[in-house]
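One structure below.
The values are calculated or read from the model by the stated rules, or taken from the named source; none is laboratory data. Here the structure is a predicted model, which means the values were calculated and not measured. Every residue, glycine among them, receives a Cβ derived from its backbone with ideal geometry; neighbour counts consider all protein chains shown. The area values use the complete protein model at the heavy-atom level, side chains included, leaving out ligands, DNA and RNA. Shrake-Rupley method; radii C 1.70, N 1.55, O 1.52, S 1.80 Å.
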Amino acid sequence: MKLLKDVLLSEYTTYKIGGVAKQFVVVSTVEELSQVLVQLSRAKERYMVLGKGSNTLFDDRGFNGTVILNKIVDIEWQEESVRVGAGYSFALLGVQASRKELSGLEFASGIPGTVGGAVYMNAGANGLEVKDVIATVEYIDREGKTHLLQRNDLKFAYRWSMFHEMEGAIAGATFQLSRSSQAKQKQKEILDYRMATQPYKTKNCGCVFRNPEGHSAGRLIDECGLKNTTIGGATISPLHANFIENRGNATAKEIIELMSFIQRTVKERTGIQLEEEVRKIPFEESQDG
Ligand SMILES: Cc1cc2nc3c(=O)[nH]c(=O)nc-3n(C[C@H](O)[C@H](O)[C@H](O)COP(=O)(O)OP(=O)(O)OC[C@H]3O[C@@H](n4cnc5c(N)ncnc54)[C@H](O)[C@@H]3O)c2cc1C
């Protein structure tokens with residue numbers, strides 16, 4: 001494990017946006033993750049855990065702390081469950097489970113994050129979320145201690161988990177699946193539909209806003225006629241209005257300006273306040289929350 005200096009964060013997010021991290025470390029095992037957390041804790045160093053950066057918007061100045069890149073990718077298949085490291089690709093897990101005729105994670109195949117990011121966000125699609133299939137989560141606290149949290153210990157809500165209020169890191173998870181000969185077909189249909197309706201080939205971070213109760217954020221933005229609206233290098237996707245694309249060298253500032261413009265317009269025209277789904281990571285701790 002090496003603490004790297006001044007690593008460009010735009011290389012590690014699907015938006016391809018973000019300045020440099022003061023420190024950057026890659027962890028490949030639970031032991032490494034635990035050691036790093038202990039060291040950073042002792043040094044009172046600010047940190048954040050990064051998966052595939054597919055729901056993260058870093059500041060243009062970067063991150064004045066340590067970014068821990070999670071590459072813990074061990075995997076163990078059981079008869080009707082799978083235990084997997086938090087750095088494993090959630091999309092790949094969905095595809096592999098379906099190929100093994102294991103049902104429950106078909107929805108994951110279009111979500112380009114890690115297992116850790118998916119648990120943290122309670123990622124979901126097609127009517128299912130992580131909370132519906134999770135069995136256990138391995139969690140390392142700031143002191144480096146491992147906790148095996150059972151399904152009943154876990155709290156989830158729409159695009160939220162209890163980990164938003166905790167300071168450690170998710171190291172791994174077990175998902176409970178069930179046998180189904182339809183799994184592969186279902187997974188393929190889900191992926192085909194998503195490819196046709198969402199901009200998968202551009203630089204974006206998925207849905208920018210959460211769906212307000214009883215509404216689709218994308219539909220509200222579309223009905224306000226905002227598709228294709230552009231600020232600098234940031235454009236509202238013509239394919240799906242809840243996606244903002246980085247069409248060139250968009251800055252975080254431009255993405256945030258476009259987000260504010262969408263929120264103002266939708267509020268004025270519909271009275272509905274859109275809440276952010278994307279995780280904006282401030283440069284300084286004082287800007288947090
Ligand atoms: C094209 C596209 C389509 C998408 N479609 C969907 C969708 O259908 N449904 C959906 O829910 N999301 C979707 N997303 C958003 C995103 O893929 C998910 O939120 C995903 O779960 C994020 O995982 P990640 O590893 O990229 O997380 P990151 O962006 O790396 O991190 C997100 C947050 O999780 C925290 N985190 C990550 N790993 C850990 C860990 N091991 N321990 C503690 N905290 C951690 C980070 O600190 C950060 O706050 C989409 C994104 C894209 C680009």
*Among the candidates T66, T56, single out the residue that is crowded, with 16+ Cβ neighbours inside 10 Å and within 10 Å of the ligand (Cβ to nearest atom).*
T56
*Residue satisfying all of: in the stretch 1-46; touching a Gly at 6+ places or on another chain (Cβ under 7 Å) and within 9 Å of the ligand (Cβ to nearest atom); farthest from G144 (Cα to Cα) among these*: T14
*Return the total of residues in the stretch 251-267 being closer than 15 Å to N228 by Cβ and within 20 Å of the chain's Cα centre (by Cα).*
0
*Return yes or no: is F58 more than 12 Å from the chain's Cα centre (by Cα), of a type in the set (F, W, Y) and not in a strand (DSSP E or B)?*
no
*Quick one: would you say G233 is open to solvent by less than 20 Å² (accessible area, probe 1.4 Å) and in contact with a helix residue (DSSP H, G or I) (Cβ under 9 Å, 6 or more places away or on another chain)?*
yes
*Kindly provide the set of residues from the stretch 193-208 that are more than 23 Å from A250 (Cα to Cα) and either open to solvent by 80 Å² or more (accessible area, probe 1.4 Å) or at pLDDT 95 or above (or both), ordered by number.*
Y193, M195
*Residue in the stretch 113-126 that is surrounded by fewer than 22 Cβ atoms within 10 Å (Cβ to Cβ), within 15 Å of the ligand (Cβ to nearest atom) and assigned to a strand (DSSP E or B) present*: yes
*Please specify each residue of the stretch 157-182 satisfying the condition of being part of a loop (DSSP other than H, G, I, E, B), at pLDDT 95 or above and within 10 Å of the ligand (Cβ to nearest atom).*
Y158, R159, M166, G168
